[in-house]
Amino acid sequence: MTGDPPPSSPHDPGAEHALRIERRWASVAVLIVIFLIVMAAVAGVHQATMPQLKLELVDPRTLHVSGEFIESNLGTAVEPDGSVTVRAIGQQYSFVPQCIVVPTDTVVHFRATSGDVVHGFLIDGTNLNTMLIPGFISTATARFSTPIESHMPCHEYCGVGHEGMWGKVKVIDKAAFEKLAADRRRLTCVD
Amino acid sequence: MSDETAALSPRDKWFRASVAITAGIAIVAAAVGFIWLPPFQAGARFQGVWNAICQAAGLAQPAPTAAEVVTAGYKTTGVVFTPGMFQGAGAESVGRGATLALRCTMCHGARGMSQANSPNLAGQYAAVVYKELRDYKSGARTSAIMQPLVVGLSDQDMRDLAAYYDYLPRPPAYHPASAGPPPEIVVSGATMRNIPPCAACHGGLDNKTGSPWLDGQPAPYIKAQLEAFKNGTRRNDISEQMRNVARNMTPDEIDAAARYYSSQPP
């Protein structure tokens, strides 16, 4: 034991001053934390950031053998509820499908993963931006209002061929898409 | 001055206040992140607080099972590569492979060096030889010559053959300065057309498991394979990795790559 502490007098002007400063700094720290939380919340609500809704696992070694990421099942699928689902994979050094086609004014669900290392999935000119991590299924939801043709560069260094890895996204008119979808179950715009 | 020995005790009001504030912020932030925010995302449905917490905290969920899977109208490769799957193939495996390889010598050469524009197998990666044998057997890769030869091979036979050819000395990369600089497609690819450099997977820059060693391979063979990938008659590459590359290659690039890799020491 170190004996009684020196009594701190509330009337000591030095101590009172220190207390005031300490209180102010504490308030500043709390305000900064609250500001950051509000900022994250606003970004989340307006979809500036898209955290993964849920965690789904997949075996990256057997993507090509079975499951929803076999090559014939990749591309855009029309769902019974009118939305479309795009399944894609990233691998050294291309996206499959190389060209993704989706309709305008439709809810588009992206489901994508990686067959080897971490890749990036980003559609130029939109706020769609996520990582493709082997073992995990990345999901994102979007709605495109105008027909555009966009690029999808891999934005995570994935190996020495990384700079050659990109895909295309074509948003086409809904009516034109429906015509395409009439006789094909998985659509791509790979020629 | 406050008492230093009592600073981290519940008796200190600063300590009490800061713990309370920190806990309060954590609780509010967790409520915002786990419960309030997730339903704002399209496609999300609020299914109770506990479920929201589990989802946001990253508890693995099963993939939706209702979705139908469209299967290919053609055979694709069933080979699954796992790290180290060909490590530890001993001398016995190599010996058995050498015996089995007697039936391969007609086209692939007595020591794995072809005289007939068939691929050289000497020094080829075990993963490559094994995968192609498996694909010929399953029909994922078609060849009127190869298919009858692999019908009777067991999985172990194919591993032994792979071990044997892996053991043979590989033809060295031979690219003398007099041959000029290597073609663009080999060392840089064509980034504007989604073509990585050949050397990024086939050695030179890096090697991707399952990609063959190409140096010294006959030019007609390389050219024929690139064209088969390009026009979709060969489809045993895992998840279209070669079809995607070859699809965008020009005939000149195919020629240049085939010529470059076929170079052998005199």
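The values are calculated or read from the model by the stated rules, or taken from the named source; none is laboratory data. It should be emphasised that the depicted structure is a prediction, and the values quoted were computed from it without experimental measurement. Neighbour counts are summed over all protein chains in view; Cβ atoms, including those assigned to glycine, are modelled from backbone coordinates with ideal geometry. Calculation scope for accessible area: heavy atoms of the full protein, side chains included, ligands and nucleic acids excluded. Shrake-Rupley method; radii C 1.70, N 1.55, O 1.52, S 1.80 Å.
The table below lists the values:
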{"read-out": "222 nm mean residue ellipticity, helices alone, for the protein assembly as shown (DSSP H n ≥ 4; -39,500 (n - 2.57); rounded to 500)", "value": "-9500 deg cm²/dmol"}
{"read-out": "Built amide H within the under 5 Å cut-off of A:S114, gap 5+", "value": "A:G90, A:I133, A:G135, A:F136"}
{"read-out": "For A:N127, distant residues with modelled amide H under 5 Å away", "value": "none"}
{"read-out": "Quarter of Cα convex hull surface for the protein assembly as shown, i.e. mean projection, nm²", "value": "33.6"}
{"read-out": "Estimated translational D of segment B:9-148 in µm²/s (Stokes, Kirkwood radius over Cα pairs; 20 °C; 1.002 mPa s)", "value": "97"}
{"read-out": "Cβ neighbours within 10 Å from other chains - mean over A:139-152", "value": "1"}
{"read-out": "10 Å Cβ neighbours from other chains, averaged over peptide B:69-76", "value": "5"}
{"read-out": "Cβ-placed point charges (K, R +1; D, E -1), dipole of the protein assembly as shown about Cα centre in debye, nearest 20", "value": "880"}
{"read-out": "Given 14 as the ceiling on other Cβ atoms within 10 Å, longest exposed-site-free region of chain B for GluC sites (Glu not before Pro) in DSSP loops", "value": "B:69-266"}
{"read-out": "Label point distance in nm, B:K13-B:S178, each placed 7 Å from Cα along Cα→Cβ", "value": "9.3"}
{"read-out": "Residue order for A:T104, B:T142 - accessible surface, 1.4 angstrom probe, largest first", "value": "B:T142, A:T104"}
{"read-out": "Neighbouring partner chain Cβ atoms per residue of A:156-166, average, 10 Å criterion", "value": "6"}
{"read-out": "Projected area, mean over directions - chain A, Cα convex hull, nm²", "value": "19.4"}
{"read-out": "Heavy atoms of B:D155: accessible area, 1.4 Å probe, square angstrom to 10", "value": "60"}
{"read-out": "A:V33 accessible area, 1.4 Å probe, all protein chains in place, Å² to nearest 10", "value": "50"}
{"read-out": "Extreme residue, positive dipole direction of chain B, given options B:S143, B:F229, B:V129 (C-beta unit charges)", "value": "B:S143"}
{"read-out": "Contact order relative to length of chain A, as percent, for alpha carbon pairs under 8 angstrom and 6 or more apart", "value": "21"}
{"read-out": "Counted charge near A:V84, where neighbours are those whose Cβ lies closer than 15 Å (Asp, Glu -1; Lys, Arg +1)", "value": "+2"}
{"read-out": "5 angstrom amide H check on A:I172, placed H, neighbours 5+ away", "value": "A:V102, A:T104"}
{"read-out": "Simple label model, 7 Å out from Cα along Cβ direction - A:A29 to A:L57, nm", "value": "3.9"}
{"read-out": "Environment charge of A:S150, counting only residues whose C-beta is closer than 13 Å and scoring Lys/Arg +1, Asp/Glu -1", "value": "0"}
{"read-out": "Shape call, segment A:48-146: gyration tensor on alpha carbons, a/c limit 1.5", "value": "prolate"}
{"read-out": "Total charge dipole magnitude, segment A:67-191, about the Cα centre, Cβ charges on Lys, Arg, Asp, Glu only, Debye to nearest 20", "value": "180"}
{"read-out": "0 to 90° range, to nearest 10: angle between helix A:13-45 axis and chain A longest Cα axis", "value": "10"}
{"read-out": "Cleavage-rule hits, chymotrypsin sites (Phe, Trp or Tyr not before Pro), segment B:160-196, DSSP coil, Cβ neighbours within 10 Å at most 15", "value": "B:Y174"}
{"read-out": "Alpha-carbon spread of segment B:17-56, three principal axes, descending order, Å", "value": "40, 17, 11"}
{"read-out": "In Å², nearest 10: area of B:S178 left accessible to a 1.4 Å probe", "value": "110"}
{"read-out": "Fully extended contour minus Cα-Cα distance, from B:R111 to B:V151, at 0.36 nm per residue", "value": "12.1 nm"}
{"read-out": "Qualifying lysines (Cα of each under 22 Å from Cα of A:K168; at least 8 residues distant if same chain)", "value": "A:K179, B:K230"}
{"read-out": "Around A:C189: net Lys/Arg minus Asp/Glu count, Cβ-Cβ under 11 Å", "value": "0"}
{"read-out": "Span-rule helices in chain B, defined as complete DSSP H runs reaching 20 Å or more along the axis (Cα) with Kyte mean at least 0.0", "value": "B:13-30"}
{"read-out": "Accessible area in the full protein assembly, largest first, 1.4 Å probe, for B:L168, B:L214, B:L149", "value": "B:L149, B:L214, B:L168"}
{"read-out": "By accessible area with a 1.4 Å probe, ligands and nucleic acids excluded, highest first: order of B:H108, A:H151, A:H46, A:H119", "value": "A:H46, A:H151, B:H108, A:H119"}
